[in-house]
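Following: one structure in structure tokens, then a few remarks.
The values are calculated or read from the model by the stated rules, or taken from the named source; none is laboratory data. As the structure is a prediction and not an experimental result, all values here were calculated from the model. Methodologically, a virtual Cβ is constructed for each residue, glycine included, from the backbone with ideal geometry; neighbour enumeration extends over all protein chains shown. Each accessible area value is taken on the protein alone, full model and side chains, heavy atoms only, with ligands, DNA and RNA left out. Shrake-Rupley method; radii C 1.70, N 1.55, O 1.52, S 1.80 Å.
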Amino acid sequence: MTGITRTSADLDPRRRRILFRAWHRGIREMDLVFGQFADNELANLAETDLDELETIMAEEDNDLVKWILGSQPVPERYRTPLFARIVSYRPDFDVLFTDKDKND
């Protein structure tokens, strides 16, 4: 997965904005996590879930990557079913780093 696979044509303006932000995070790992989540889940999220998603996405990418990759504990406020669903879209980044290390 390297980029957006979903069209935004059938989305309302709020969901279009979220989809764009999901794929343009600033850290590629977060693009992949949030982008894949948005591609697959965004159209069916309730308004309350959209509110929570926007709150999560407002966090600093450096913090999010640590929480999602498990190098720091997830703050209590984000120990929610929605955050767990987002984390489930995390690719196996360890394989990328392991393969790179073998070639060095």
Counting only residues that are among the small types (Gly, Ala, Ser) and either within 17 Å of residue 79 (Cβ to Cβ) or more than 9 Å from the chain's Cα centre (by Cα) (or both), segment 34-68 contains a total of 3
Here the residues within segment 69-92 that are open to solvent by less than 60 Å² (accessible area, probe 1.4 Å), outside any loop (DSSP other than H, G, I, E, B) and in contact (Cβ under 8 Å) with a residue 40 or more places away in the chain are 86, 87
If we keep only residues of segment 32-68 that are in a helix (DSSP H, G or I) and free of Cβ contacts under 8 Å to residues at least 24 places away in the same chain, then the residue most open to solvent (accessible area, probe 1.4 Å) is 44
